1. Would you mind finding the one in 560, 564 that is closer than 30 Å to residue 482 by Cα and touching a strand residue (DSSP E or B) at 6+ places or on another chain (Cβ under 7 Å)?
2. Among the numbered criteria (1) closer than 29 Å to residue 47 by Cβ; (2) touching an Asp or Glu at 6+ places or on another chain (Cβ under 7 Å); (3) hydroxyl-bearing (Ser, Thr, Tyr), which single criterion is violated by residue 318?
3. Can you work out which of the residues in the stretch 85-104 that are in contact (Cβ under 8 Å) with a residue 40 or more places away in the chain and surrounded by fewer than 18 Cβ atoms within 10 Å (Cβ to Cβ) is nearest to residue 403 (Cα to Cα)?
4. Filtering the stretch 487-512 down to residues that are free of Cβ contacts under 8 Å to residues at least 60 places away in the same chain and out of contact with any Phe, Trp or Tyr (no Cβ under 8 Å at 6 or more places or on another chain), which residue is surrounded by the fewest Cβ atoms within 10 Å (Cβ to Cβ)?
5. Determine, yes or no, whether residue 248 is farther than 30 Å from residue 126 by Cα, surrounded by fewer than 23 Cβ atoms within 10 Å (Cβ to Cβ) and over 20 Å from the mean Cα position of the chain (by Cα).
6. Any residue in the stretch 689-701 that's more than 14 Å from residue 749 (Cβ to Cβ): show its pairings with residues that are of a type in the set (Phe, Trp, Tyr) at Cβ separation under 8 Å, as long as the two are six or more apart or on different chains.
7. Mind checking which strands (runs of 3 or more DSSP E) fall wholly inside the stretch 240-337 and carry at least 2 residues that are closer than 26 Å to residue 408 by Cα and within 16 Å of the ligand (Cβ to nearest atom)?
8. Residue 690 - would you say it is over 13 Å from residue 614 (Cα atoms) and assigned to a loop (DSSP other than H, G, I, E, B)?
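The values are calculated or read from the model by the stated rules, or taken from the named source; none is laboratory data. Keep in mind that this is a model prediction, so the values were computed, not measured. Here Cβ is always computed from backbone atoms with ideal geometry, including for glycine, and neighbour counts include all displayed protein chains.
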Amino acid sequence: MTANRAIRRSSAVAIALLALVGSLVVAQSPAQQQDEEFARLVKEWTTRPEFLSPLVDHLPKVAGVPSPKDVLGHHIGAPKKLTYYGEAVNYYRALAAKSPRVKVMTIGKTDEGRDYVVVAVGSEDSVRNLDQYRAYLAQLADPRPLSDAQARDVIAKAKPIYHLMGGLHSAETGPPEMLMELAYRLATEDSPTIRQIRDNVIVTLTPVAEPDGRDRYVDWYYAYKVDETGEEDNVGGPPFWGKYILHDNNRDINYSQVTMRALLDWYLQWHPPIVHDLHESVPFMYTFSGQAPQNPTLDPILYGELPWFSNFEMAQMTKYGMPGVWTHAFVDMWSPGYYGFMASNHNGLLRMYETFGNGGANTMKRRIDRGGEEGPMRGSQTTREWYRPLPPYTEVDWSIRNNTNYMETGVLSALQLTAAFPKVVLENFYLKSRHSIDSGKTEAPYGYVVPAGQPDMTRVAFLINILRLQGIEVGRATTEVKLQEGTFPAGSFIVKRDQPYGRLAKILLEKQNFPDPNLRTYDDSAWTMGLMTHTEVKETADKAILQVPVESVSELKIAGTVTGDPAGSGGSWVILDNGSANLTTLRYRLKDLKVQAAEKAFKVGATEAPAGSLIVAAGQSGDVAARIKAAVEPLGLSAVAAGQLPDVRMHEVKVPRLAVYSTWGSTQEVGWVRYGFDKYEVAYDLIYKERVKQGRLHDSYDVIVVPNQGGSGKRIVFDIEPKKKPLAYKTSDRFKSFGMYGESDDITGGMGLAGVEELQKFAESGGVLLTLGTASYLPAEFGITRRIDAGRPSPQFYAPGPIVEAEILQPENPIFYGYSKKTIPVRYANGPLLRVPEEDRGRQVIMQFPGGDKAVLSGLMKGASEIQRRPAIVDVPTGSGRVILFATNPCYRWQNLGEFRMLFNAVLHYSQLTARAATSNEQRVTSNE
Ligand SMILES: [Zn+2]
């Protein structure tokens, strides 16, 4: 940019002139050539003059540097134009090729093989020295080696990184468009505001946080939505975004999905003090200020920074005359599981917008005041409030360019504030990091012990490795550990709180004490990792933990063990069931071998083998010993050789022909079950209404799982309301992303009553139908289980995902293999309140909720007495098969690992559930007389 200096000089004159004539906003450089067509079209595409701002009503033209239009063929915000991910990446690469102020970094691959990229924009100095600036931020992120004076020195040289993310939610189509224009503007514009931003701040952006979903959504838009005119003819979105989950990519607290994980890894290398996640929903723009309930462990500075930014944005945009910007009463600061919280969890600042969007790029009439609506949109958003001084209109024509104008003006205002106070942002980041370390030395708890020698160390590894991927330091004690809470063996895992992410460790491991039962929260109220994974974690108020000598753990791998030799073909291998979910994987890895399960605990030499332990006879064809070793060791399991087949009652564990049923309208929680099955290598077919309506289900399947979905039986049965024309989801040359994960000629209509009848026939003819969470309304409400009723709690009941006690009533049932305690923690899933006739309870209710406040282990349950003695799992014989209704959700996100085995056991021991229940029924009948 050789012309820069001249431009700078002349624009300085322009500023002075403008100031003289009294203009308040110097938003463009008169010395710079502007794109007149852009200005004209943007004005045309903006539906009212007040929906435009002086920050975005113009765009410079710079010879040699491509604007979005130069690459895409149209300006950002053009009606009926959405950009595919690949086109967006091409644009950023073209911009980076011509501008020394832009750099594109590839940070991973998506599930469907797309490059996952982050783009950096800043001054030439910033971009040339990115690694140096990254190193400064790393020093502030872990200031343990620094004195305050040294930290001040680093702050003097450093620049804040402000990270922006768009396109996490694929239906929220505006942010990925806006970010391209923003990048170009930041790289090229010479107005004083933009120059200050470019010089003082490094802007990085994730152009599309869920690239696979973006392309599928854009395909869907061009296939079905491009002619929509308003809310009346809205056909909704595609059945999938990314491979597994939709909105829940913003609830992936353990970073299971590959893109979520890639960005966390990038975050922990680059340490942006601010991460700003751009969403769409409420009118016209909501800028999050961190309302209650707030997590009290996070630094109080954060709660000052949040409204500092949002109020500045609101004031600026109101000054530009833009109505409808507000700062309060939507989403809260309780759960740490939202994607952008990677910043606040790591001593940075999380920011979030919701801008009004149409789910596409069409200009539409929108009615806003829908006060009666259920859910988070409930309540008026057009009233004047202290946090909404210039409210949105109740009816409006809204365009994607309006959406771009609002979001870009907001973001530029936030960047303006950051650029005006870059050192304040850096000081805050440093102090929040410092405070996290210091608070671990002065405030209990001082740390956590995860004791060595727990029966199932694979669950310990799951927990430790999630702490590690979050950047939390974990050590392994080199000696025995004596604390006021007890003595723990050498090798126990130690999480000390006096570390940069010590506060996050506390947030993830502690019991959640919800601050006020009268508050509501937007997502879960509890996530305590030890309870979710059924792993022992000990909190300590003993400062001595800070002095425990440890070796640092990078990643925990549990090496399995194979002990002894079965000595000939008459012997066998016993793989101990200590509760590991990996035992399921083992069965699949040995799927061609005959495997049996012990129905009671027994001894192999001196070793106690719990019920559920798997027995593999050595005499089977092939090198069984080598197969056992190859399966057991990497899975972290324990196998013991026995000289003969153990003398214990056992049954064969057949690999079932398994189907997972999904509606087309609600695939997300099915996606979590698919993810769980895939990770543990459980083979299944994903089936839809098309297969169910074909009938003869038992010819193809032994077990059908209906995951939590839809919220009611009716929604599962009737699903998406039919539209004027069919909505096909089938691959074609034009729409390549369709037909992945299933195909349909028309995704609407649901299985209908004919489908229900087929599910009933399936169970009656010997199949096992498993319904999870809210899917358990289906068999109860549609009469597949005639005698079971499903109710709903009272309107006063409120249970946003607490962790509660459940009581196992039939410990000998194979569903509970691997569970050594009778009372276990489960996540409350808001499934149906099931009612079983009293005379059937003893046989059919196999797990129940004790209920009451004392049984709430973490988080909030208001009205806990309403679930008292309610069934948590019911096993109902139906014809020659059975229906098993879980009121819990035993595969909730990638979180409640401790419950997974109940689902896996029901699948693997399907044949025995039927046989066993028949015998125990008889026994019951006799003992009841
Ligand atoms: Zn969203």
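1. 560
2. Answer for residue 318: the failing condition is (2).
3. So the residue we want is 86.
4. Across the stretch 487-512, the extreme among qualifying residues is 487.
5. no
6. Sorted first by the residue in the stretch 689-701, then by its partner, the pairs are 697/762; 698/762; 701/762.
7. The strands (runs of 3 or more DSSP E) meeting that bar are 274-281, 285-287.
8. no
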